[in-house]
Amino acid sequence: MIVLLVTSIVEINKLTLNISTFSLIKPIVSNSHWLALVVYRDITMSVILLIFVNVYFTTKEKGRKWGISLLTFFLLLAGSQMLRALNIIQYTGWTIYYEILCIGALIGITLLTARITTRLDGGKTT
Amino acid sequence: MTNIVYDDAFNWNEWTVLIIISIGFTLIFLLPKKFSSSVTVVNLLYGVVIGLMFDHTIAIEPIDFYDVGDESKYQFFDLFSYTMYAPVGYLYIYLYEQLQLPVKKYWLILYILLWSLVGVCVEWLGILTGIFHYKNGYNTTYSFPIYLFVQASQIWLYHYLFKRK
């Protein structure tokens with residue numbers, strides 16, 4: 001649960017900073033498109049990361065850990081590019097390279113949060 | 001996107017945020033510890049995330065019902081201001097346990113209604129001090145059902161995560 005909350009904070013701020021502060025991403029001004037973007041930001045991404053972190057920490061083999069990390073990375077990248085392809089957002093300064101860096105950072109933050117969280121209360125997780 | 005500047009000084013809105021954060025965290029440290037670390041962290045983060053989710057959904061374009069802070073642009077202090085929701089989420093569950101509401105189920109309705117009223121009053125204070133700036137016909141009463149939903153869902157989540165047998 002803590003992982004879900006932390007990744008939500010990061011993702012919500014990333015999107016708002018890009019839209020509102022730096023104007024690097026432009027959402028298409030229609031309520032249905034906006035709703036789709038919010039569902040992706042608040043639900044889809046968080047659920048993908050939550051599944052990833054659960055599978056990651058229950059897998060023992062190193063190769064499988066890399067596999068699930070790469071799969072998650074490409075799923076998130078495909079999701080963000082699908083938003084572009086479906087005209088839900090437009091890049092106005094943001095690029096796919098920045099997106100790749102952000103997704104990498106988000107996966108790192110997710111793993112770090114999960115690692116810290118599993119140490120709370122002597123290993124009992126929430 | 002046009003940027004509206006409401007003020008550019010460190011004044012009442014920033015002080016109100018700092019005072020709420022100080023009072024909230026002082027209370028958390030002074031009150032006897034009741035929860036484990038994970039319960040504490042979840043309840044602290046819940047308020048922050050829900051505040052962010054709603055503000056960053058209905059307070060930016062295309063919906064854009066209100067602005068937070070000195071400018072309509074998202075600023076660093078706006079990000080910091082979400083910290084003020086953290087102690088509220090914790091104290092809400094703390095008092096819920098302290099009043100033994102999990103066993104007095106009908107009182108829970110009154111409890112949620114009261115906290116929602118407190119939320120509306122604090123939001124009204126936020127309007128007076130310049131933390132929130134309403135636009136496009138929004139007003140404080142519209143937030144009431146949001147508070148009802150958020151607070152009821154926090155109780156549900158608390159039971160789902162920590163009270164299930």
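A short reminder: the numbers here are calculations on the coordinates, not readings from a lab. On a predicted model such as this, the values are computed, not experimentally measured, just so you know. Glycine gets a Cβ as well: all are built from the backbone with ideal geometry, and neighbour counts include every protein chain shown.
I'd like to compare B:27-38, B:146-157, A:7-18: which one has the highest average count of other Cβ atoms within 10 Å, and what's the full order after that?
Going by the mean number of other Cβ atoms within 10 Å, highest first, we get A:7-18, B:146-157, B:27-38.
Could you tell me which of rounded, prolate or oblate describes region B:1-68, using a ≥ b ≥ c as the square roots of the eigenvalues of the alpha-carbon gyration tensor, with rounded for a/c under 1.5 and, failing that, prolate when a/b is larger than b/c and oblate otherwise? Present the calculation step by step, with values, prior to reporting the outcome.
Numbers: a/c = 5.00, a/b = 1.63, b/c = 3.07.
Because a/c hits 1.5 or more and a/b fails to exceed b/c, region B:1-68 counts as oblate.
Using 7 Å Cα-to-Cβ label points, what is the B:N11/A:S32 separation (nm, one decimal)?
4.4 nm
Give me a single rounded figure for A:45-51: the average over its residues of other chain Cβ atoms within 10 Å of their Cβ.
On the way: counts 0, 1, 0, 0, 0, 0, 0.
For this peptide, the per-residue mean of nearby foreign Cβ atoms is 0.
Compute the helix-to-body angle for A:2-16: its Cα long axis versus the longest principal axis of chain A, expressed 0 to 90° and rounded to tens.
20 degrees
Among A:V55, A:Y40, A:S20, which residue has its Cα furthest toward the positive end of the charge dipole of region A:1-88, with +1 on Lys/Arg Cβ and -1 on Asp/Glu Cβ?
Toward the positive end, the furthest listed residue is A:V55.
What pairs from B:K104/B:K163; A:K14/B:K73; B:K73/B:K135; A:K26/B:K73 go past 20 Å between their alpha carbons?
none
What does the helix-only formula give at 222 nm for chain A: each DSSP H stretch with n ≥ 4 adding -39500 (n - 2.57), the total divided by the residues, and the result rounded to the nearest 500 deg cm²/dmol?
The per-residue figure over chain A is -23000 deg cm²/dmol.
Applying the Karplus parametrisation 6.51 cos²θ - 1.76 cosθ + 1.60 with θ = phi - 60° to the phi angles of region B:77-94, what ³J(HN,Hα) value in whole Hz is obtained for each residue in order, glycine and proline being reported as x?
So the Karplus estimates, Gly and Pro as x, are 5, 4, 4, 5, 4, 5, 4, 5, 7, 4, x, 5, x, 5, 5, 4, 6, 4 Hz.
Roughly what angle does helix A:96-119 make with the longest principal axis of chain A, taking Cα atoms, 0 to 90 degrees, to the nearest 10?
30 degrees
Which shape class, rounded, prolate or oblate, goes with region A:1-88 when its Cα gyration tensor gives a ≥ b ≥ c as root eigenvalues, a/c under 1.5 marks rounded, and past that a/b bigger than b/c marks prolate?
prolate
When a/c is below 1.5 the answer is rounded, else prolate if a/b is larger than b/c, else oblate, so apply that to the protein assembly as shown with a ≥ b ≥ c taken from the square roots of the Cα gyration tensor eigenvalues.
Taking the square roots of the gyration eigenvalues as a ≥ b ≥ c, the protein assembly as shown is oblate.
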